[in-house]
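Colleague: The following block contains the structure, expressed as structure tokens.
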Amino acid sequence: YNGSLPNGDRGRRKSRFALFKRPKANGVKPSTVHIACTPQAAKAISNKDQHSISYTLSRAQTVVVEYTHDSNTDMFQIGRSTESPIDFVVTDTVPGSQSNSDTQSVQSTISRFACRIICERNPPFTARIYAAGFDSSKNIFLGEKAAKWKTSDGQMDGLTTNGVLVMHPRNGFTEDSKPGIWREISVCGNVFSLRETRSAQQRGKMVEIETNQLQDGSLIDLCGATLLWRTAEGLSHTPTVKHLEALRQEINAARPQCPVGFNTLAFPSMKRKDVVDEKQPWVYLNCGHVHGYHNWGNKEERDGKDRECPMCRSVGPYVPLWLGCEAGFYVDAGPPTHAFSPCGHVCSEKTTAYWSQIPLPHGTHTFHAACPFCAHQLAGEQGYIRLIFQGPLD
């Protein structure tokens with residue numbers, strides 16, 4: 001969310017969430033399997049201190065898998081619910097929305113208890129993701145309609161309604177990264193190819209050679225919000241907010257000018273990221289020429305959306321430029337020379353090139369590239385443009 005939520009970070013609702021080793025382990029692992037209708041199964045479900053997953057096969061038959069405490073792992077849960085078992089509360093991302101009033105009207109497709117991440121407490125601190133989270137009664141219920149099955153070793157497994165999708169990039173999260181393949185993760189952490197549509201009853205094929213282990217740069221899609229997973233090691237190579245601030249000051253120190261008004265342009269401070277400043281740079285998205293705001297070349301008959309660039313006469317959208325503030329999205333520490341189209345978020349060339357190649361899930365069966373800073377669907381041939389600044393004339 002570009003460094004902060006539209007209405008500011010509050011409690012467990014944040015634009016980013018850091019996982020730390022817990023004072024006391026709270027991980028769980030599967031233990032006993034009960035075929036329901038037995039008193040033990042009923043007891044496992046009703047016991048508030050006992051984690052369990054119930055697989056409803058039919059009205060007459062339910063299989064309950066008990067989970068026991070695991071002193072070697074910590075569990076972190078993510079979902080839409082504000083109940084206490086959820087560590088990180090996520091809401092649907094409405095592309096380009098600036099305030100929560102824009103986001104609240106949508107019927108959410110994110111599950112209340114969407115997924116859980118289990119981290120090992122000892123090096124190398126491996127983190128694994130599983131679909132579905134335990135509710136306040138420490139239960140996960142997979143209803144009659146959910147896709148579920150018995151595995152070859154007699155265990156149960158299943159998928160959640162809208163699914164939890166994961167994509168691991170190739171070559172890690174670096175300037176050499178390339179998009180990987182989207183997969184679906186099951187309740188037990190197995191990896192599957194995607195279903196035909198998001199909530200189809202038929203599961204995809206199991207992908208045995210891949211795991212649910214999160215890597216630096218893994219993307220987790222919860223159908224309504226996509227999360228980027230960064231490791232501590234990976235973040236140590238990422239530019240800091242301080243570095244981004246230094247790049248902003250460096251660009252401003254070069255005193256770029258508007259070729260029409262000859263006034264000096266300046267990127268506003270990172271804090272002011274939704275009010276257009278009078279010195280704000282604007283760009284013609286077709287050619288990349290940077291200007292200050294002016295009324296020149298407004299094509300009335302095009303209802304003011306497209307403008308003609310005074311430098312090269314190419315016609316296209318004319319938008320204010322904003323620096324991308326969320327350092328975790330940058331694949332390198334390069335200068336802010338490129339902007340995503342059509343939103344005008346500015347970052348390094350390699351970062352725009354990387355995100356413009358990533359197909360992010362959208363709706364129930366489509367994918368499109370989007371700006372990581374605001375989730376706007378990218379437009380134009382590449383989805384981004386190189387900025388052409390005019391230096392001072394003196």
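Colleague: Computing the accessible area with a 1.4 Å probe over protein heavy atoms, can you report the carbon and sulfur percentage for the chain? Walk me through the numbers on the way to the answer.
Modeller: Working: 9870 of 19380 Å².
Carbon with sulfur: 51 percent of the solvent-accessible area.
Colleague: Continuing with the same structure: When Cα extents along the principal axes in Å is calculated directly from the model, which label among [x] 82, 55, 46; [y] 71, 70, 46; [z] 85, 45, 38 fits?
Modeller: Only one option fits the structure, namely [z].
Colleague: Does anyone have the angle between helix 241-253 and the longest principal axis of the chain? Alpha-carbon axes, 0 to 90°, nearest 10?
Modeller: Once rounded, the angle reads 10 degrees.
Colleague: Related question: Given the rule -39500 (n - 2.57) for each run of at least 4 DSSP H residues, summed and divided by the residues of the chain, what is its mean residue ellipticity at 222 nm, to the nearest 500 deg cm²/dmol?
Modeller: Helix-only estimate at 222 nm: -2500 deg cm²/dmol.
Colleague: Check each of the GluC sites (Glu not before Pro) in the range 308-381 and keep only those in coil by DSSP with at most 16 other C-beta atoms within 10 angstrom; list them in order. Walk me through the intermediate numbers first.
Modeller: On the way: sites: E308, E326, E349, E381; in loops: E326, E381.
Sparse-neighbourhood loop GluC sites (Glu not before Pro): E381.
Colleague: Under a Cβ-only charge scheme (Lys and Arg +1, Asp and Glu -1), can you give me the dipole magnitude of the chain about the Cα centre, in debye to the nearest 20? Mind dumping the intermediate values first?
Modeller: Numbers: 43 positive and 38 negative charges, 184 e Å.
In total the dipole reaches around 880 debye.
Colleague: Then there's this: Taking the Cα centre of the range 28-236 as origin and charging only Cβ (+1 Lys, Arg; -1 Asp, Glu), how large is the dipole, in debye to the nearest 20? Mind dumping the intermediate values first?
Modeller: Working: 21 positive and 22 negative charges, 129 e Å.
Result for the range 28-236 is approximately 620 debye, rounded to the nearest 20.
Colleague: So, for the range 238-386, what is the accessible surface per residue at a probe of 1.4 Å, expressed in square angstrom? Before the final figure, lay out each step's value.
Modeller: Details: 6880 Å² over 149 residues.
Dividing the accessible area of the range 238-386 by its residue count gives 46 Å².
Colleague: Still on this structure, I have one more. Give the residue list of trypsin sites (Lys or Arg not before Pro) in the range 150-217 that are DSSP loop and have at most 12 other beta-carbon atoms within 10 angstrom. Before the final figure, lay out each step's value.
Modeller: Working: sites: K150, R170, R183, R195, R198, R203, K205; in loops: R195, R198, R203, K205.
Listed in order of number, the matching sites are K205.
Colleague: If you take every DSSP beta bridge fully contained in the chain, what fraction is antiparallel? Give it as a percent rounded to 5. Display every interim value, and only then the final one.
Modeller: On the way: 62 of 71 bridges.
Within the chain, antiparallel bridges account for around 85 percent of the total.
Colleague: Could I ask something else about it? Of the GluC sites (Glu not before Pro) in the range 105-182, which ones lie in a loop per DSSP and count no more than 11 other C-beta atoms within 10 Å?
Modeller: Numbers: sites: E120, E144, E175; in loops: E144, E175.
Filter output for the range 105-182: E144.
Colleague: Can I ask one more? Where only protein heavy atoms count, and the probe is 1.4 Å, what is the accessible area per residue for the range 28-236 in Å²?
Modeller: Working: 9950 Å² over 209 residues.
On a per-residue basis, the range 28-236 sits at 48 Å².
Colleague: Can you give the extra length, in nm with one decimal, that the chain gains between E175 and A42 once fully stretched, where that is 0.36 nm per residue apart less the Cα-Cα distance? Kindly include the intermediate steps, with their values, before the conclusion.
Modeller: Working: separation 133, 0.36 × 133 = 47.88 nm, distance 5.25 nm.
Result: 42.6 nm gained on full extension.
Colleague: How far, in nm, would the chain grow between S236 and T211 when pulled straight, counting 0.36 nm per residue and subtracting the alpha carbon separation? If you can, show how the numbers build up before the last one.
Modeller: Details: separation 25, 0.36 × 25 = 9.00 nm, distance 2.47 nm.
Gain in length upon complete extension: 6.5 nm.
Colleague: Taking +1 at the Cβ of each Lys and Arg and -1 at the Cβ of each Asp and Glu, which of T38, V290, N263 sits farthest along the dipole of the chain towards its positive end, judged by Cα position relative to the Cα centre?
Modeller: About the Cα centre, the residue reaching furthest to the positive side is T38.
Colleague: A follow-up question, please. Count charges around T82 for me, please; just the other residues with Cβ under 11 Å from its Cβ, Lys/Arg as +1, Asp/Glu as -1.
Modeller: Details: positive: R10, R12, R13, R80, R112; negative: E83.
Local net charge: +4.
Colleague: Just name one of S81, A147, T91: the one whose Cα is farthest towards the positive end of the charge dipole of the range 28-236 (beta-carbon charges, Lys/Arg +1, Asp/Glu -1).
Modeller: A147
The values are calculated or read from the model by the stated rules, or taken from the named source; none is laboratory data. Fair warning: this is a prediction, and the values are worked out from it, not measured in the lab. FYI the Cβ positions are ideal-geometry reconstructions off the backbone, even for glycines, and counts take in every protein chain you see. Areas reflect the complete protein model, heavy atoms only, side chains present, ligands, DNA and RNA absent. Shrake-Rupley method; radii C 1.70, N 1.55, O 1.52, S 1.80 Å.
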